[in-house]
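Okay, so here's the structure we're looking at.
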Amino acid sequence: MAAQLLTLGYAVACIFFAAVVRGYSGFGFSLLAITSLSLLLPPVQIVPSIFLMEVVASLHLLPGVCATFIGVRSDGCSPAAAWARPSACMRWRTRRRRR
């Protein structure tokens, strides 16, 4: 029981440290987490969970990817919706004339 608690504490500390490094640099979470956890646990148990953590940590980037590559803007207006109902996707801008 004590060995399991030590392993759990070590795993939490490694994950936290790897998350801090990813927060500062933007990459390296998987590298640090897998290499540090593989000292105590088999990689078969580590890799799927770290992969899921990496996917969840990167979900906030999805709207930008959709807007850039797919053509779906973050306000929910896709090219198909703009074709079907253009007024829903238009943003009217009024310019004031300079005098």
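Structural remarks
- Cβ separations smaller than 8 Å between residues 6+ apart or across chains give the following pairs from the range 42-60 residues that are within 15 Å of Leu31 (Cα to Cα) to residues that are hydroxyl-bearing (Ser, Thr, Tyr) and not in a helix (DSSP H, G or I): Ile46/Ser38.
- Only residues that are within 15 Å of the chain's Cα centre (by Cα), of a type outside the set (Gly, Ala, Ser) and over 17 Å from Leu52 (Cβ atoms) were counted in the range 7-26, giving 3.
- Scope the range 10-24; condition surrounded by fewer than 12 Cβ atoms within 10 Å (Cβ to Cβ), within 21 Å of Val47 (Cβ to Cβ) and small (Gly, Ala, Ser); matching residues: Ala13
Bear in mind these aren't lab numbers, they're just calculated from the coordinates by the rules spelled out. Predicted model, so just to flag it, every value in this text is computed and none were measured. For neighbour counting, all protein chains shown are included, and Cβ atoms are generated from backbone atoms with ideal geometry for every residue, glycine included.
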